[in-house]
Amino acid sequence: MDRAVWITWENQRRNKTLSKELAVELHQLEANTHRLLRYPLLIVRTFYTLLKTRPKIIFSQNPSIFLAMLVVLYGQVFRKTTVVDCHNAGIFPFDGKYWWATRMSYYIFRNSSLIIVTNDALKLYVEEQGGQAFILPDPFPELKGNSSLPLAGDLNFLLICSWAEDEPYEEVINAFSSLNKNWTLYITGNSKGREKNISGVLPDNVSLTGYISDKEFDDLLCSCDCVIDLTTREDCLVCGAYEAVSAGKPLILSDTRTLKDYFQGAAIYTENTVEHIRSAVTGAAENLSVAAKQVVDYRNKQKIQWNEMRDDLIKKINESSF
């Protein structure tokens, strides 16, 4: 793509994989400082990056909604093509708690050259607000993990978790409290003490990894026997599912229409209750080899379809460029 840059204010795998697939130069701008200083510093760094690179096409991630707004305004003033990659939290900022954030998101939808979303429901919502949307799920990432990491259990399950409100991590922990004690559950992410809100103590077969590096995460992903990634959001394609498919790991997902439509027969689906999660984990443990083959078959087929979607996106952006 001619003179294009991708700007993000956070370290997130989709930015890296998608910018690489689109052959767009990635600028990951971060500021580990107090939040009162963080935004002014990032705004200055963003303007510096844009002035230095002088792009014709600007991609930005949303969230941050402030980054997306900045890029859209810059594009309007300097007549640049702006493409905003909107995650669920960018489509519904702060879960609709603040009217001003919702209004900002509508402005971004209507004034971006294009909004990238991950599924039909989000595309429909953006277009209802006057935006133009294109569906492109996450590409399957290239993992560099070591599959021989020594883990504690006879079977080892990995719950990919950011400890957000939409993740039923408490139900998963409670499910493992009554499962085979030789089955170990690893939970990623910085819990920030949220596990203390769960009644009782953590079961002995549950291990919190805390924050780990990308390499450590890939090692754990490639070494585990099964991946779990759950959400209560109906229109969310969880990032961990793409990572599990890339690693060829059996996969347990929430029983939502959006996840079932996209991942089809690649996963075991469960309601977000202790009883159903326990049943899904037991079912996966009994059929690991079959579940792994389903994931690999799905990955090989889906890669072809994804490449076609990527090519359509590039064509659409080039046609809409100033």
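What the table shows:
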item: A152 vs. criteria aliphatic (A, V, I, L, M), closer than 24 Å to L220 by Cβ and without any contact (Cβ under 8 Å) to a residue 60 or more places away in the chain; result: yes
item: Count of residues meeting criterion [polar (S, T, N, Q) and part of a helix (DSSP H, G or I)] in the range 264-280; result: 2
item: Candidate set: the range 152-171, residues that are surrounded by fewer than 16 Cβ atoms within 10 Å (Cβ to Cβ) and among the hydrophobic types (A, V, I, L, M, F, W, C); chosen: the one nearest to R13 (Cα to Cα); result: A164
item: Residues (in a helix (DSSP H, G or I) and closer than 21 Å to L143 by Cβ) located in the range 192-224; result: D214, K215, E216, F217, D218, D219, L220, L221, C222, S223
item: Pair list, Cβ under 6 Å, 6 or more apart: the range 241-268 residue in contact (Cβ under 8 Å) with a residue 24 or more places away in the chain and within 14 Å of V296 (Cβ to Cβ), other residue part of a strand (DSSP E or B) and of a type outside the set (A, V, I, L, M); result: P250/C226
item: Positions within the range 75-106 being surrounded by fewer than 18 Cβ atoms within 10 Å (Cβ to Cβ) and over 26 Å from A164 (Cα atoms), in sequence order; result: Q76, V77, F78, R79
item: Any hit, the range 233-248, residues being more than 16 Å from the chain's Cα centre (by Cα) and over 22 Å from A89 (Cα atoms); result: yes
item: Index of the failed condition, S162 passing every other in (1) polar (S, T, N, Q); (2) more than 29 Å from D225 (Cα to Cα); (3) in a loop (DSSP other than H, G, I, E, B); result: (2)
item: K144, sole failed condition from (1) farther than 27 Å from K260 by Cα; (2) touching a Gly at 6+ places or on another chain (Cβ under 9 Å); (3) surrounded by fewer than 17 Cβ atoms within 10 Å (Cβ to Cβ); result: (2)
item: The one condition in (1) at pLDDT 95 or above; (2) in contact with a helix residue (DSSP H, G or I) (Cβ under 6 Å, 6 or more places away or on another chain); (3) within 22 Å of A164 (Cβ to Cβ) that A133 fails to fulfil; result: (3)
item: In the range 51-68, residue nearest to L18 (Cα to Cα) [restricted to those that are in contact (Cβ under 8 Å) with a residue 12 or more places away in the chain and either in contact with a Gly (Cβ under 8 Å, 6 or more places away or on another chain) or among the basic types (K, R) (or both)]; result: Q61
item: Counted residues, the range 159-192 - those being within 14 Å of T282 (Cα to Cα) and hydrophobic (A, V, I, L, M, F, W, C); result: 6
item: Evaluation of V227 against (1) at pLDDT 95 or above; (2) outside any strand (DSSP E or B); (3) over 30 Å from T81 (Cα atoms); (4) in contact with a Phe, Trp or Tyr (Cβ under 8 Å, 6 or more places away or on another chain) (one fails), failing number; result: (2)
item: Some residue of the range 183-190 being farther than 27 Å from N300 by Cβ, in the same structural domain as L220 (by TED's automatic domain parsing) and in contact with a His (Cβ under 9 Å, 6 or more places away or on another chain); result: no
item: Residues of the range 172-215 that turn out to be within 27 Å of the chain's Cα centre (by Cα), on the phi > 0 side of the Ramachandran plot and surrounded by fewer than 18 Cβ atoms within 10 Å (Cβ to Cβ), as a count; result: 3
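The values are calculated or read from the model by the stated rules, or taken from the named source; none is laboratory data. Predicted model only: the values in this text are computed from it and were never measured. Cβ sites come from the backbone with ideal geometry, for glycine too, and all protein chains shown count toward neighbours.
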